[in-house]
1. Stretched out fully, how many nm does the piece from ILE66 to THR31 gain, at 0.36 nm a residue minus the Cα gap?
2. Please build a GNM for the chain, connecting alpha carbons under 10 Å apart, and tell me which residue among ALA55, ALA30, ALA63 fluctuates the most.
3. At a 10 angstrom cut-off on C-beta neighbours, averaged per residue, how do the peptides 42-50, 76-84 rank from highest to lowest?
4. How large is the dipole of the chain about the Cα centre if only Lys and Arg carry +1 and Asp and Glu carry -1, each at its Cβ, rounded to the nearest 20 debye?
5. What dipole magnitude, in Debye to the nearest 20, does the stretch 41-83 give about its Cα centre under +1 on Lys/Arg Cβ and -1 on Asp/Glu Cβ?
6. Out of LEU61, ALA37, TYR51, whose Cα points farthest toward the positive end of the dipole of the stretch 17-66 (charges: +1 Lys, Arg; -1 Asp, Glu; placed on Cβ)?
7. If each residue of separation counts as 0.36 nm, what is the full-extension length gain between ILE5 and SER17 once their alpha-carbon separation is subtracted?
8. On a 0 to 90 degree scale, rounded to 10, what angle separates helix 54-70 from the longest Cα axis of the chain?
Amino acid sequence: MTIDIAKDKNKVTMTFSGRIDTSTAPKMEATVKDNIAGITELIMDMKQLEYISSAGLRILLSAQKIMKKQGSMTLINVPDNIMEILEITGFTEILTIL
């Protein structure tokens, strides 16, 4: 998994590619935590994401809780297979997905 980060004032865009699973989730968690302090808008671009496990979903939920207090979090360009996982788990009701 790779994560590209683009910062613009109070906005951070993270672009994920590859797989988020138990072996890559710690990297995702650290990257999210290291980059959301003080921001008001978090965009997660999932365009090149191939897979997300329950470990990745937990990080999305954690980030959503933090961002709800300080601004907003939006998932964009979610592939169909990832969207299916988000729908089955009920995350489409919790997260903002464009």
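1. 11.2 nm
2. ALA30
3. Working: 42-50: 18.7, 76-84: 14.7.
In descending order of packing, they fall as 42-50, 76-84.
4. Dipole magnitude for the chain comes out near 460 debye.
5. 300 debye
6. Farthest along the dipole direction, towards plus: LEU61.
7. Value of the extension gain: 3.1 nm.
8. 30 degrees
We did not get these values from a lab; they are worked out from the coordinates using the rules stated. A quick note: this is a predicted structure, and the numbers were derived from the prediction, not measured. For neighbour counting, all protein chains shown are included, and Cβ atoms are generated from backbone atoms with ideal geometry for every residue, glycine included.
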